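> There's a structure below that I have some questions on.
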Amino acid sequence: MNRKILLISGKRKSGKDYISEKVLEIIGNEKGCIIRISEPIKSHYAKENNLDLSELMSDNKYKENYRLQMIIWSDQVRSRDPGYFCRAACENGAFKPIWIVSDIRRKTDIGWFKDTYKDQIKTVRIFADEETRKARGYIFTSGVDDGVSECGLDDYIDWDLCVTNNNSEECDESIQEILKLIS
Ligand SMILES: Nc1ncnc2c1ncn2[C@@H]1O[C@H](COP(=O)(O)OP(=O)(O)OP(=O)(O)O)[C@@H](O)[C@H]1O
């Protein structure tokens, strides 16, 4: 199947999930789906450590408590197989023609998608000011915000589209730009 695949990246609380959900609302569930690389990371991690997966999947403190440990554990898995979580995440979207991958964090993620799906890929970077991100609950965490999962794409310049999401006007404009990429 020839797909359109959006790879969405941005710092913590820049609004990756929020914008991905809004784009999906417009595209519709028939055509599109959101793929989260964090899903297989969380489900495998929860299983191994006997944790509550629904709490890990939610946008709350429980997830933040485990974020650093999950990063360390998932890096160990990635060092053996860089595409492991990307491959597992994509199994969830098999039959949909449009995929929105809402949590691209590493050059190895982009590399795996480009190698696997070639010119079906469009990359998007979302920017939000630190002040805005703080208002959304971002608190600098050592080991997370200075690590590769958060900074690995800071120097990536090959984005198909860069957008901002500091307020609802910017968010609406950004959504329109993203939709143009897959029209
Ligand atoms: N344009 C917006 N208007 C109102 N609220 C927003 C907007 N963008 C994001 N938010 C809110 O900010 C919070 C963080 O957004 P979101 O979870 O999408 O960020 P994220 O980049 O996916 O974060 P993380 O990397 O931590 O998963 C959420 O509560 C979301 O509802």
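> Considering the stretch 8-60 alone, what residues qualify as being of a type in the set (Ser, Thr, Tyr) and under 24 Å from residue 127 (Cα atoms)?
If the condition is that a residue be of a type in the set (Ser, Thr, Tyr) and under 24 Å from residue 127 (Cα atoms), then 9, 14, 18, 20, 38, 58 are the ones that fit.
> Related question: Does residue 64 fit the bill of being open to solvent by 40 Å² or more (accessible area, probe 1.4 Å) and closer than 26 Å to residue 19 by Cα?
Yes; evaluated as a whole, the condition is true for this residue.
> Here is a list: 124, 144, 163. Which entry is touching a helix residue (DSSP H, G or I) at 6+ places or on another chain (Cβ under 8 Å), at pLDDT below 95 and hydrophobic (A, V, I, L, M, F, W, C)?
Going through 124, 144, 163 in turn, just one is touching a helix residue (DSSP H, G or I) at 6+ places or on another chain (Cβ under 8 Å), at pLDDT below 95 and hydrophobic (A, V, I, L, M, F, W, C): 144.
> Looking at 22, 96, 47, which is the one that is open to solvent by 40 Å² or more (accessible area, probe 1.4 Å), among the basic types (Lys, Arg) and either in contact with a His (Cβ under 7 Å, 6 or more places away or on another chain) or within 12 Å of the ligand (Cβ to nearest atom) (or both)?
22
> Now for a different question. Quick check on the stretch 35-42. Is at least one of its residues away from the ligand (no atom under 13 Å from the Cβ), touching a strand residue (DSSP E or B) at 6+ places or on another chain (Cβ under 8 Å) and farther than 22 Å from residue 147 by Cα?
Checked the stretch 35-42: at least one residue is away from the ligand (no atom under 13 Å from the Cβ), touching a strand residue (DSSP E or B) at 6+ places or on another chain (Cβ under 8 Å) and farther than 22 Å from residue 147 by Cα.
> Quick one: in the stretch 146-177, which of the residues that are among the acidic types (Asp, Glu) and within 13 Å of the ligand (Cβ to nearest atom) is farthest from the chain's Cα centre (by Cα)?
So the residue we want is 169.
> I'd like the full set of residues that are closer than 12 Å to residue 44 by Cβ and open to solvent by 90 Å² or more (accessible area, probe 1.4 Å), limited to the stretch 69-92.
76
The values are calculated or read from the model by the stated rules, or taken from the named source; none is laboratory data. None of these values were measured; they are calculated from a predicted model. For neighbour counting, all protein chains shown are included, and Cβ atoms are generated from backbone atoms with ideal geometry for every residue, glycine included. To get the accessible areas, we keep the full protein, side chains included, count just its heavy atoms, and leave off ligands, DNA and RNA. Shrake-Rupley method; radii C 1.70, N 1.55, O 1.52, S 1.80 Å.
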